[in-house]
1. Which of the residues that make up region 69-89 are surrounded by fewer than 16 Cβ atoms within 10 Å (Cβ to Cβ) and over 15 Å from Thr7 (Cβ atoms)?
2. Exactly one condition in (1) outside any loop (DSSP other than H, G, I, E, B); (2) in contact with a helix residue (DSSP H, G or I) (Cβ under 7 Å, 6 or more places away or on another chain); (3) of a type in the set (Val, Ile, Thr) is not met by Thr51; state its number.
3. Need pairs with beta-carbon distance below 7 Å; first residue closer than 16 Å to Ser85 by Cα and within region 27-56, second aromatic (Phe, Trp, Tyr) and buried (at least 16 other Cβ atoms within 10 Å of the Cβ); sequence gap 6+ or separate chains.
Amino acid sequence: MTAERITGVAIMDGKGRLWALPAPHRHHHIFALAAFIGDSAEGPMRGQGFTTSEGRFLERADALAVAKAAGQTRPDEQLGAMLYSEDLW
């Protein structure tokens, strides 16, 4: 069995809707997609996160732990307390 991995970016908007795109997209691509279809993915900053290979949505701090455990981050990289797509791809 393989370890859970980060597979894409996601935003839980202010209406509780989950917007997600696969790697190597970034969060700004979700905002652009929402605007393109005449909607908004705006919500709280803590609503920005990632999807996993297990189909879960994780906020940035929890996603960092999963990415580290899966070896998706470079060991020499100085990471803060939260994961950003730039840390992965």
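1. Once the filter is applied, which keeps residues that are surrounded by fewer than 16 Cβ atoms within 10 Å (Cβ to Cβ) and over 15 Å from Thr7 (Cβ atoms), region 69-89 yields Arg74, Pro75, Asp76, Glu77, Gln78, Leu79, Gly80, Ala81, Glu86.
2. (2)
3. If the second residue must be aromatic (Phe, Trp, Tyr) and buried (at least 16 other Cβ atoms within 10 Å of the Cβ), the pairs left are Ile30/Trp19; Gly49/Phe57; Thr51/Phe57.
Readers should treat all values here as calculations from the given coordinates under stated rules, not as data from a laboratory. Values in this document were obtained by computation on a predicted structure and should not be read as measured data. Glycine also receives a Cβ, built like all others from the backbone with ideal geometry; neighbour counts cover every protein chain displayed.
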